[in-house]
1. Quick one: how many residues across the range A:271-300 are under 22 Å from residue B:328 (Cβ atoms), among the small types (Gly, Ala, Ser) and either in contact with a Phe, Trp or Tyr (Cβ under 7 Å, 6 or more places away or on another chain) or facing chain B (nearest Cβ under 9 Å) (or both)?
2. Out of the range A:58-82, which residues are touching a residue at least 60 places away in the same chain (Cβ under 8 Å) and over 21 Å from residue A:4 (Cα atoms)?
3. Just checking, does the range B:212-229 include any residue being among the β-branched types (Val, Ile, Thr), assigned to a helix (DSSP H, G or I), in contact (Cβ under 8 Å) with a residue 60 or more places away in the chain and within 12 Å of chain A (Cβ to nearest Cβ)?
4. With respect to residue B:280, determine if the residue is more than 9 Å from residue B:200 (Cβ to Cβ), more than 9 Å from every other protein chain (Cβ to nearest Cβ) and either in contact with a Pro (Cβ under 8 Å, 6 or more places away or on another chain) or among the hydrophobic types (A, V, I, L, M, F, W, C) (or both).
5. Based on this model, can you work out whether residue A:329 counts as of a type in the set (A, V, I, L, M, F, W, C) and either buried (at least 22 other Cβ atoms within 10 Å of the Cβ) or at negative phi (or both)?
6. Can you spot a residue in the range A:363-383 that is in contact with a Leu (Cβ under 8 Å, 6 or more places away or on another chain) and either assigned to a loop (DSSP other than H, G, I, E, B) or at the interface with another protein chain (Cβ under 10 Å from one of its Cβ atoms) (or both)?
7. Please specify each residue of the range B:253-271 satisfying the condition of being touching a helix residue (DSSP H, G or I) at 6+ places or on another chain (Cβ under 6 Å), crowded, with 22+ Cβ neighbours inside 10 Å and facing chain A (nearest Cβ under 9 Å).
8. Do we find that residue A:144 is over 22 Å from residue A:39 (Cβ atoms) and in contact with a Pro (Cβ under 9 Å, 6 or more places away or on another chain) in this structure?
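The values are calculated or read from the model by the stated rules, or taken from the named source; none is laboratory data. None of these values were measured; they are calculated from a predicted model. As a convention, Cβ positions derive from the backbone with ideal geometry for all residues, glycine included, and neighbour counts pool all protein chains shown.
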Amino acid sequence: MDLSYTDEQQAFREEVRSWLEANAPAQALQSFDTELGFEQHREWEATLNKGRWGMVTWPEALGGRGCDLIEWLIFEEEYYKAGAPLRVNQNGIFLLGPTLMEYGTEEQKARILPKMANGEEVWAQGWSEPNAGSDMAAIRSTAKLEGDKYIINGQKTWSTRAVWADWCFGMFRTDPDSERHRGLTFILVPLDSPGITVRPIPQLDGLPGFAEIFFDNVEVSVDNRLGDEGAGWSVAMATAGFERGLMLRSPARFQETARRLVELYKENRESAETDPAVKEAVMRAYMDAESYCLTTYQTACRLNKGGKIGAESSTNKIFWSELDQNMHAAAMSILGARAELLPHAPNAKGVGNWLDGWLFSQSGPIYAGTNEVQRNIIAERMLGMPRK
Amino acid sequence: MDFTFTEDQLLFQDSVRDFLVNEITPERIRASWESESGRDSALWSQLAELGLTGMTVPEAYGGLGMSELDFVLLAQECGYVALPEPLVHSALVAVPLLVDIGGELADQWLPKVATGEAKVVVGLEQNLLVEDAHVADLLLLQQGDSLVAATADAVSLIHNESVDPSRKLFAVSVAGEAVVVANGDQAQSLIQSSLDRGALGAAAQALGLAQRMIDLSVQYTSDRKQFGQAIGAFQAVKHHMANVAVCLEYAKAPVHRAAYSIACKESVASHAVSQAKLNACEAANLAAKNCIQVHGAMGYTWEVDLHIYMKKAWAMANSWGDAGFHKTRVANHIFTDGAALGAGATFA
């Protein structure tokens, strides 16, 4: 065990830091759930890609830097410290990208990955349907192979970023007689295809961060199938594996929130101290963010040495999503009567963007597999409790 | 950056676990409750033969010269079986303190500790009472601003019974001759590092105790049937256990970090230990709470083994600094102006 960074790792950190200092937007961008903000974030993806900082874990041949997980953690630390923008193409870069590298044909990789990398094509996800939420195997949208095209019909929902995205990826039932996990196929669909209707769904903040997608005889080239026909479930599980795994939420994000929370507490000490529970919550935020960081580093080091990620990784999503909620709840307590005010309200002095974070934190225990589903997975696969 | 244990460290953990699980059965622990001292000198000899009593004793004194980091995984295993013998206390607290004191005292006692001939315990004011004073040959005791050494014949003991029948606690007063081994700042520094090592030992044992309570509960809820199925198949039961698993999973790395911090004398050692102790004892306390619940009325009995581990977990939470003590240390760290917090600060 050696908990110090190597000279190379230190140098890498310096390189990330100085590039971000020179290139990160000085002014915060608009929310990427607005039309203007979406385009600003798309431009930022292009800037990142030009500096080869967009996908540091991708292979060099694909515009990445082939970083290992420790370098990725260092990159993320500098990224969040610099307050750089959120990643509008997260669905593409972190979820679909690695899956494409594993299951895609050479033609698909060459066609799709470069445009994903430079933000030219932003990706939305199409997992859930009105009757297939936590129970994803209940998917009913169909894709029927006719010649070299799939004809897609049905409906997807809760499609994050779908309002202004260019493509979506998802699972469709290609075998009409199949049930559950069988007969599903993973297909990539251009969102400007004829027959597609996107209906924005305003989120808790009123902005259309996700959407419903309706498919009415949408024709998609068979070239856009990822993996074999009928193999959609295993391809999707790889994607969900990445999503639930290490890379969806790096510790840096939460450590920076915890640091800002400590500052908020100190700035408002007099009012904050009237509720003894607040101090406890702030300490807890710091410690939990620290635990999350330590645990992630320990896992990353193990994986770097050839270890395998096990069922214990399903604890990850519950931990960070509850941490995020708890930290923002503490901030709301500190802000007191100001907590409900929108940032531009005349009397909203010093509220920062805590309210936005608080709203978003409500989604954490729900998306990417509800925490109840995660608890079942932990009990059955990690602890070995009986399914029936 | 390498936050992993070596193959050797992991193999040693495995072999010690095998030994302890085979030897320190719940039956043997219950038998120890019936004996007068509650301690088993034959077992101590076995631990010595395995090299465990001498693990942290420097090689010059006949030990293996291992560090806190080498021992922490073994301390987890001692927790897993709720080992009644004061092995963690000796290896993590008494031996390093003797090494730090050095001189004649170390020359005289460390070789005997390594061979298992002698036991040494440490009594700090942070702990109300002294564990295992009745089997100690030498006691290192905090007395105000001083640290004194007294042999068994120089102290008088008053036994205080614990809810955990395995724990043997004593009020100790020095009746005969005691040697002052340190005063003032030097004593404070020795007391401080002993407290940190004791807290590390309690934290590591709490991890093992939590895991044992999980294992017992998974077994019980898989066997016990109600409404025509194993009760472990009910989501309400699963979620109790999943919550413990999450809490325990995120307590491990902080304990390993604390062990590294102490072994490498990092400046963050004190609050790293405090965080580790808080995390691990929270996991063990949650394990106790949820595991007794999923055992139903059986969990409330003397007969079912759960309470062997549950009661020790409760005791660990308030030994070597209670939650208030450790929270204060963490708070002092994070609320200090200029404290290094946030992304990138953890290993800086």
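1. Number satisfying all stated conditions: 3.
2. A:82
3. The answer is yes; a qualifying residue exists.
4. Details: more than 9 Å from residue B:200 (Cβ to Cβ): yes; more than 9 Å from every other protein chain (Cβ to nearest Cβ): yes; either in contact with a Pro (Cβ under 8 Å, 6 or more places away or on another chain) or among the hydrophobic types (A, V, I, L, M, F, W, C) (or both): yes.
Judged against the criteria, residue B:280 is a match.
5. The answer is yes for residue A:329.
6. yes
7. Result: B:253, B:254, B:257, B:259, B:261.
8. yes
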